[in-house]
Each structure stands twice: as C-alpha cells, then as structure tokens.
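First up is the structure itself, then whatever we jot down about it.
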Amino acid sequence: MHIEGSGALVAGGASGLGEATTRQLHERGAIVTIADVNDEKGNTLADELGVRFVACDVREEAQVQAAVEAAAEAEGGLRISVCCAGVGWAQRTTGSKGPHPLEPFQTTIGINLIGTFNVLRFAAAAMNDNDPVDDERGICINTASIAAYDGQIGQIAYAASKGGIVGLTLPAARDLSSRGIRVVTIAPGTFDTPLLGALPQEARDELGKAIPFPQRLGNPDEFAALAVHIVDNPMLNGETIRLDGALRMPPR
C-alpha cells in the first residue's frame with residue numbers, strides 16, 4: 001500500500017500510540033484525519049501538523065461514520081485505518097466489596113472491542129469502493145495487547161476486550177480478502193504512554209526491567225513504526241503481532 005497521498009484515519013490519534021502513528025503517517029505523506037474523544041489534544045495536534053481533526057467517541061456509530069467519511073474525502077479515498085482508541089480498568093472478578101461491577105466491564109468492552117469493530121466496519125465499507133492499487137483497496141490496523149494472551153490479576157475486563165480484538169482479526173481479514181482489504185492487529189506490551197505517565201519514575205523503571213530485551217518501556221514511535229511497516233508490507237494480513245520485547249506477563 002502506497003502511503004504518500006493515501007487517505008488515513010487514526011482513531012485515538014491525539015495521544016500516546018495514536019499520536020505517534022499520526023505523526024509517522026503524516027511524515028510519510030499520508031492525508032491524515034485524527035479521530036479522538038479529546039477535543040483539546042486533537043485540535044492541538046491537528047493544528048500543529050496541518051491535518052484534520054474530528055471529535056469521535058468510537059462507541060457512537062454516527063460519530064465513527066462521520067470520521068470515516070471525513071477521511072474518505074481524500075483524493076483516492078480512505079486507504080489506511082488505524083484504531084488506537086482504548087481504555088484500561090483494573091479490578092478482580094470478586095473481592096471484599098463483592099463481584100466486579102458490570103458498568104466498568106461494559107465500558108471497557110464498549111470502547112476497546114465494540115469501538116474497534118465500529119472503526120473497522122465503517123472503514124472497510126469506505127475502502128470497498130476504492131479503485132485497487134496493486135490489487136489493494138485498503139488496510140485496517142487494530143490495537144490489542146499482550147493482555148489478550150497473558151492477562152494479569154485484575155485485568156479481566158481489559159484482557160477480555162483485547163482478546164476479542166485478536167479473535168476478530170483473522171475472520172475480518174478473510175471476510176475482506178476478496179476486496180483486497182487487509183486486517184492486521186498489533187498487540188503491544190508495556191509502553192510509555194499517558195496511561196503509565198502518572199506512575200512514579202521508580203515504578204516505570206521497574207516495569208521496564210521486567211522486559212527481557214530491551215529492558216525498558218516501549219516507545220510509541222516503535223509502535224508507529226510497526227504500523228507503517230504493516231501498511232508497506234502486503235503479505236502481512238490476518239495476523240496479530242506481539243510487540244513486547246519478549247515479555248510474557250506473570251499473574252501479578
């Protein structure tokens with residue numbers, strides 16, 4: 001897939017992994033539309049790069065559709081979709097206060113899994129109308145987590161949501177194969193994102209030491225570099241790629 005001149009949508013593209021991906025796609029010449037629930041960060045980044053920002057909660061069909069339609073206005077249509085939108089939640093299945101409450105579980109599933117599916121289905125529908133270039137009409141990249149495989153104590157909601165993303169990747173790629181649309185998922189390990197930014201430096205250093213090599217937190221630019229490579233490499237399809245420095249997370 002040619003990046004230069006291609007329409008690209010980055011959901012959750014205003015911070016963290018999404019911001020890094022937005023920047024690298026923009027540097028490669030993509031016509032990027034940022035979709036994010038954070039208006040302030042989204043507008044600030046869009047103004048800096050000279051790209052478009054669309055306010056979007058990935059759970060809301062109409063908002064996702066509007067973001068996809070905005071990205072598809074690029075000459076040649078929407079050809080690259082990256083979904084980095086997501087939230088975390090930590091709580092055990094049951095504890096001293098009783099069973100895990102349903103609302104945060106539903107919210108986590110709603111944003112991480114259903115939101116990813118919303119972006120995927122609307123982006124794929126837009127790509128379906130593209131004229132093929134080198135037999136390709138588009139690429140959809142999702143973001144899971146190694147918690148999908150190695151969920152820790154307290155990660156039942158988060159791991160379930162990310163496991164669902166892993167599970168839909170191959171069927172989606174098979175569904176869309178006849179149209180020349182690829183689907184690939186990245187499962188990052190422990191990355192230096194705003195989610196970890198509130199932790200003391202000592203705690204961040206300890207998290208990094210748990211990674212076999214390199215013994216540090218992942219850099220969002222490394223996630224973005226993989227996303228860009230996936231776009232470039234047409235043989236990557238239907239796969240979930242762990243990006244974790246060989247980390248296999250213990251129960252706690």
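The values are calculated or read from the model by the stated rules, or taken from the named source; none is laboratory data. Here the structure is a predicted model, which means the values were calculated and not measured. In this analysis, Cβ positions are derived from the backbone assuming ideal geometry, glycine residues included, and neighbour counts consider all displayed protein chains.
For the reader, a short list of remarks on this structure follows.
- Per the conditions (1) among the polar types (S, T, N, Q); (2) within 17 Å of the chain's Cα centre (by Cα); (3) surrounded by fewer than 20 Cβ atoms within 10 Å (Cβ to Cβ), the sole criterion not satisfied by T21 is (3).
- Criterion (in a strand (DSSP E or B) and either over 15 Å from A224 (Cβ atoms) or modelled with pLDDT of 95 or more (or both)) met by exactly one of A8, A14: A8
- Whichever residue in segment 235-252 is of a type outside the set (D, E) and touching a Pro at 6+ places or on another chain (Cβ under 9 Å) and, among such residues, is surrounded by the fewest Cβ atoms within 10 Å (Cβ to Cβ): A246
- Listed conditions (1) hydrophobic (A, V, I, L, M, F, W, C); (2) surrounded by 24 or more Cβ atoms within 10 Å (Cβ to Cβ); (3) touching a residue at least 40 places away in the same chain (Cβ under 8 Å); (4) part of a loop (DSSP other than H, G, I, E, B) are all met by I80, apart from (4).
- E75 vs. criteria charged (D, E, K, R), under 29 Å from G29 (Cβ atoms) and part of a loop (DSSP other than H, G, I, E, B): yes
- Members of segment 152-171 that are outside any helix (DSSP H, G or I) and among the polar types (S, T, N, Q): Q152, Q155
- Filter pass, V119 being touching a residue at least 24 places away in the same chain (Cβ under 8 Å), crowded, with 24+ Cβ neighbours inside 10 Å and outside any strand (DSSP E or B): yes
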